[in-house]
Structures are given as structure tokens and as C-alpha cells.
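S.K.: My questions all concern the structure below.
The values are calculated or read from the model by the stated rules, or taken from the named source; none is laboratory data. A quick note: this is a predicted structure, and the numbers were derived from the prediction, not measured. For neighbour counting, all protein chains shown are included, and Cβ atoms are generated from backbone atoms with ideal geometry for every residue, glycine included. Accessible surface areas use protein heavy atoms only, side chains included; no ligands, DNA or RNA. Shrake-Rupley method; radii C 1.70, N 1.55, O 1.52, S 1.80 Å.
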Amino acid sequence: MKILNFIGGEYSGARSGKFLNNTNPATGEAMGELPDSDAVDVVMAIQAAHRAAEKWAKTPSAERSRLLNLIADRIEQRADEFAKLEALDVGKPKWLAREVDVPRAILNFRFFAAKILTEETGGFDSDGALVQYSLRQPVGVCGLISPWNLPLYLLTWKLAPCLAMGNAAVCKPSELTPLTAHLLSEIVSDILPPGVCNIVYGRGETAGAALVQHPGVPLISFTGGTDTGIKITQSSAPQLKKLSLELGGKNANIVCKDADLSAAVKGSIRAAFLNSGQICLCGSRLYVQEDIYDSFMKEFREQTAALKIGDPMADDTFIGPLVNGQQREKSLAAIQQATREGAKVTVGGRVPETLPQQLRGGFYLEPTVIEDLDHCSDLWANEIFGPIVTVQTFKLPQDAIKWANTSTYGLSASVWTRDVSRAHKMAREIQAGTVWVNTWAKRDPRVPFGGVKHSGIGREGGDHSLDFYSELKTVCLAT
Ligand code: NDP
């Protein structure tokens, strides 16, 4: 498939004529091309967005809401196509895209379509002397930069509230996963006025950086790695842009001795290996209370070893390929380093050898469990973003809290326990944007979402998204 930029309602290649290859991670074969856009293309998209922004900002919220619902309807009608493309691009199982990513994309549009119809801003009477009220106004043209691991979910998580609040958008999806953004552009091209939503494909350091640095884009919503987030903060700082940064995680998954063991094993496996461990929220640091370590780990190892690796399109696949060769190399290097440091690889750790011929060129890696890792190892500290979980014991809950907080990251954590007061205490003390108790990765679109420490700045979700994608103005009248 040949993807084209979507600018001002029209499709075009990069002005330079350059394209990048899009590779199928399940086979390692080229499956299409996307524009290798640079600053020239990005500026064209920003100009198109500016031409459309004023009229869109003045479009009544009921009409904006109607159009967003229409986008949701069309995604729903083509849900299977979306799931297939997401699986093809990312390598995630198609059933997962069908169960999670696509329904979430639909919900993102429906949720913010509804939200703007009930939204209220405050009014204040200052003892009869002054009347003050707030106006919520669009920010203007917003830059939306999304990563490859949840391409549709995260693009729509940004785009829906951005458009709902009356802004125009320039989106920059990851160069690794352009397919569902392209399908979305087909849908919005029929529904939104030209220029309200623009999509520019290309490399982060060229197209992404041009978007961040352009003075005509006062807001950047970025989801991606912490290093990139730091670069974006630095390069946008001279212009004091509005920034939301949803960054990496090295999340603790804590199993206490009073947990429901069967639920904890099942939940911890999903937390460690869903999407081949390529979710920012993955519980890649597993902490198990020493009293139950043997019984818990026996089940955990057995069930991990039984996870089906294979074709993302097959219904029984749990572990698809990693997104590219680079991610696999990074994961393999981390496993080798852990082994050199004396850790034990108790499950997996290798490139699978029994895959069918057509998948041999894909970027597969066995789900891997690493135990007895040295406390000083980099593997505790660094996000790998592969199907790897490290496991450590703890004696008392406060020890687990200490380990959970011994990280530069603070995106999320999970605690498995039947003791309600312990759950509350641990949730309060863990330094993370979200703490799950007896579950993982569940998230209502109304709740605040974001990270602390190196996992990000700002919150999105519900009213927080409305706040981020708008400017609140106070009007003060003397009576
Ligand atoms: P990257 O930071 O490499 O890239 C994210 C996006 O930014 C891509 O579109 C990328 O383009 C673009 N980009 C890269 N460099 C720049 C730059 N200098 N200026 C502007 N844009 C740039 O992250 P990944 O795509 O590798 O995604 C994985 C990371 O995302 C992990 O660290 C993960 O934890 C994090 N993440 C965080 C989430 C959260 O909610 N906190 C959710 C999901 C993922 P291109 O790909 O074309 O280079």
C-alpha cells in the first residue's frame, strides 16, 4: 500500500518525492511506502490547518459533536479493516486490535463528542460589584505526535478532544505504523472540512521536529519515549508551547501473599506480555512476596511458556512479532546482559525456531522471564519495550513500595492483594500516575491519565483533556 500525506483535504507525496519503506513485522518483508516528509510538507500542513482553524473554531459545538460521532460510526463500520491494518503494521494480534484498539478509537470520538455538549464553565458574582465568567476557547493549530505501539488508540485519544474543542490538527504518526492513520484520513476526508485534520508522515527527527519547532503550532501533544520527550521540551521551550508529554514506563507489578493467585498470575502475564511487552503500561518489573514466590512462579512460568507465538492474524496467537528488528535486537541485548550479570532466564530468551516458513523473517522473540537479577542491573532501571519481565522477591509490603519507587519512571503500577486497607496504603505511597489494584491497564476515558517523574508531564482524560486542548479566559464586568 502506498500512503500519502493528507493536507488540506488532498492527498500528496512529500515535496521531495522521497518515500520510506513500510515493513511487515510478521514477515520482515516490505509491504508499502509512506512519504518521507520534511519541514516543507509540515509547513504546508500547518498552513492548511490555519486556513481551516477559524471557521472550525466557530462551528457550533453541537455540529462538531455530530461530526465526531459520524467519524466514530464510520470507524465502527470498518472495524475489521482497522483491526487488520493495525495487526499488519504493529504485529499485534488482530483479536487484540479488535478487542481493545478499535473500540477505544470509537469511544474516544464518542466520548469527547458527548463531553462538549455537557461542558460548563464557571460564573462568579463578587458581591454585586463584579460579574466574572469563563470562556473556553480553542488553542489554534495543534501538533499531535503519536508512537507505533498503539497507533490508532493514541492518535484518536489526541485527535478527538483536539477537534472537539474547536482546534485544527496536524498529526505526525510514527513512521513505523502509518496504516490506520491513513484509513482514518479516508474517513475524515468525507466528514470534516478540508484542513481541520491533516496527517503528515515521516521521520521523527525531520517531520516531527519541524512540527515541534514551528511558531504557528502553540500546542504539542506527544506520546513516546522519554528521551524524545526531553528533546521536544528543549526545542519547544523558547516558544513556551503548551505541552503534554506521555512518556515511557518501567512499571512495578506487585503480588502480595494474600492475593488471589490465579487472578494475579493471569493478570501479571497480560501485564508483562500483551502486545509483546510493547505497551508503556506493561508490568515489566514483577515483585512477588517471598512467602508465595515458589507457588506463584511455578504457575507464572508454565503459563508463560505456553503462550502461543505466531501469525498476528491467527485467533490463537498471543505473542506476535516485535515491531522491527531494532526492537528485537534491543531486547536480545538486554537478555544477554542479564545473563552475563548472573541472572537466570527461566522461560524463553530466544528467537523461536519452530515458526512456519513464511514467518521466519519476522521479528519474533519468545516471552522471557528473568529471575535472580542483580539489584544493580540496568535491566531494572531501563525500559526495554519487549516481551521481557524481571522478577524479584520482597519480604514486606513497604519493601515492595521502596522497590517500585526506585525508578526514574512513574507511569503506573499494579498491586495484587485481598487486603483493602493494604491496597489503599500501597496505592497512596507508590509514585506513579496510575495504580491498579487487582487489575491492569483498565482505563475509563474520564479519569486523569499521565505519568510522574520521567514518565511525563500533564494529565489527559476527561476534563483534563478539555483543559489541555483549550484556553480558559476570564471575562470580568463591572456592574
Ligand atoms: P519515540 O519517542 O521514538 O517516537 C514517538 C513519536 O515521536 C513518533 O511519531 C516519532 O516519529 C516521533 N519523534 C521521534 N523523534 C522526534 C523528534 N525529535 N521530534 C518530534 N517527534 C519525534 O517513541 P516510540 O515510537 O519508539 O514509542 C515507544 C515509546 O512510547 C516507549 O517509550 C513507550 O513507553 C512510550 N509510550 C508512552 C505512552 C504513555 O501513555 N505514557 C503510551 C505509549 C507509548 P518516528 O517514529 O517516525 O521516528
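S.K.: If Asn149 passes every condition in (1) farther than 30 Å from Gln278 by Cα; (2) part of a loop (DSSP other than H, G, I, E, B); (3) not acidic (Asp, Glu) but one, which one does it miss?
M.R.: For Asn149, the exception is condition (1).
S.K.: Within region 429-453, can you find the residues that are free of Cβ contacts under 8 Å to residues at least 60 places away in the same chain and closer than 25 Å to Val265 by Cβ?
M.R.: Scanning region 429-453 gives Glu429, Val435, Trp436, Val437, Lys442, Arg443.
S.K.: Taking region 446-471 as the search range and keeping residues that are open to solvent by 10 Å² or more (accessible area, probe 1.4 Å), assigned to a loop (DSSP other than H, G, I, E, B) and within 15 Å of the ligand (Cβ to nearest atom), which one is farthest from Gly249 (Cα to Cα)?
M.R.: Filtering first and then ranking leaves Val447.
S.K.: Moving on. Out of all the residues in region 189-209, which are surrounded by fewer than 24 Cβ atoms within 10 Å (Cβ to Cβ) and touching a residue at least 24 places away in the same chain (Cβ under 8 Å)?
M.R.: Answer for region 189-209, where residues must be surrounded by fewer than 24 Cβ atoms within 10 Å (Cβ to Cβ) and touching a residue at least 24 places away in the same chain (Cβ under 8 Å): Ser189, Asp190, Ile191, Leu192, Pro193, Pro194, Arg203, Gly204, Thr206, Ala209.
S.K.: Additional query: Against the conditions (1) surrounded by fewer than 21 Cβ atoms within 10 Å (Cβ to Cβ); (2) among the charged types (D, E, K, R); (3) in contact (Cβ under 8 Å) with a residue 60 or more places away in the chain, where does Glu175 fall short? Just the number, please.
M.R.: Unmet condition: (1).
S.K.: Restricting to region 119-140, what's the tally of residues that are touching a helix residue (DSSP H, G or I) at 6+ places or on another chain (Cβ under 8 Å) and not in a strand (DSSP E or B)?
M.R.: 2
A quick yes/no check of all residues on (1) open to solvent by 20 Å² or more (accessible area, probe 1.4 Å); (2) under 25 Å from Val447 (Cβ atoms); (3) free of Cβ contacts under 8 Å to residues at least 40 places away in the same chain:
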| residue | (1), (2), (3) |
| --- | --- |
| Pro367 | no, no, no |
| Gln392 | no, no, no |
| Leu396 | yes, no, yes |
| Ala404 | no, yes, no |
| Gly410 | no, yes, no |
| Arg422 | yes, yes, no |
| Ala427 | yes, yes, yes |
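S.K.: Right, another one. All but one of (1) in contact with a Cys (Cβ under 6 Å, 6 or more places away or on another chain); (2) at pLDDT below 95 hold for Tyr469, so report the exception by its number.
M.R.: Tyr469 satisfies every listed condition except (2).
S.K.: Taking the stated definitions as given, is Ile75 over 21 Å from the mean Cα position of the chain (by Cα) and not polar (S, T, N, Q)?
M.R.: Answer is no for this residue.
S.K.: Among the residues of region 266-295, how many are more than 23 Å from the chain's Cα centre (by Cα) and either under 20 Å from Gly451 (Cβ atoms) or surrounded by fewer than 23 Cβ atoms within 10 Å (Cβ to Cβ) (or both)?
M.R.: Counting residues in region 266-295 that are more than 23 Å from the chain's Cα centre (by Cα) and either under 20 Å from Gly451 (Cβ atoms) or surrounded by fewer than 23 Cβ atoms within 10 Å (Cβ to Cβ) (or both) gives 8.
S.K.: Something else now. Go through (1) surrounded by fewer than 23 Cβ atoms within 10 Å (Cβ to Cβ); (2) in contact with a strand residue (DSSP E or B) (Cβ under 8 Å, 6 or more places away or on another chain); (3) within 24 Å of Thr304 (Cβ to Cβ) for Val415 and report which single condition fails.
M.R.: Here Val415 meets the rest and fails (1).
S.K.: For region 1-18: of the residues being of a type in the set (D, E, K, R) and in contact (Cβ under 8 Å) with a residue 24 or more places away in the chain, which is most open to solvent (accessible area, probe 1.4 Å)?
M.R.: Step by step, filter region 1-18, then rank; the result is Arg15.
S.K.: Going by the conditions given, is Lys158 in a helix (DSSP H, G or I), of a type in the set (Lys, Arg) and either within 16 Å of the ligand (Cβ to nearest atom) or within 24 Å of Thr233 (Cα to Cα) (or both)?
M.R.: Yes, satisfied.
S.K.: I would also like to ask the following. Look through Ala432, Ala381 and report the one residue that is at pLDDT 95 or above, farther than 30 Å from Lys58 by Cα and hydrophobic (A, V, I, L, M, F, W, C).
M.R.: From the options Ala432, Ala381, the qualifying one is Ala432.
S.K.: Suppose we keep only residues that are open to solvent by 10 Å² or more (accessible area, probe 1.4 Å) and basic (Lys, Arg) within region 85-137. Which one would you say is farthest from Asn22 (Cα to Cα)?
M.R.: Arg136
S.K.: Being of a type in the set (A, V, I, L, M), touching a strand residue (DSSP E or B) at 6+ places or on another chain (Cβ under 7 Å), surrounded by 24 or more Cβ atoms within 10 Å (Cβ to Cβ) and within 22 Å of Phe449 (Cα to Cα) is the requirement here; does Ala160 meet it? First the steps, then the outcome.
M.R.: Values: of a type in the set (A, V, I, L, M): yes; touching a strand residue (DSSP E or B) at 6+ places or on another chain (Cβ under 7 Å): no; surrounded by 24 or more Cβ atoms within 10 Å (Cβ to Cβ): yes; within 22 Å of Phe449 (Cα to Cα): yes.
Answer is no for this residue.
S.K.: Of all residues in region 162-183, which are within 15 Å of the ligand (Cβ to nearest atom) and out of contact with any Gly (no Cβ under 9 Å at 6 or more places or on another chain)?
M.R.: Hits for region 162-183 are Pro173, Leu176, Thr177, Thr180, Ala181, His182.
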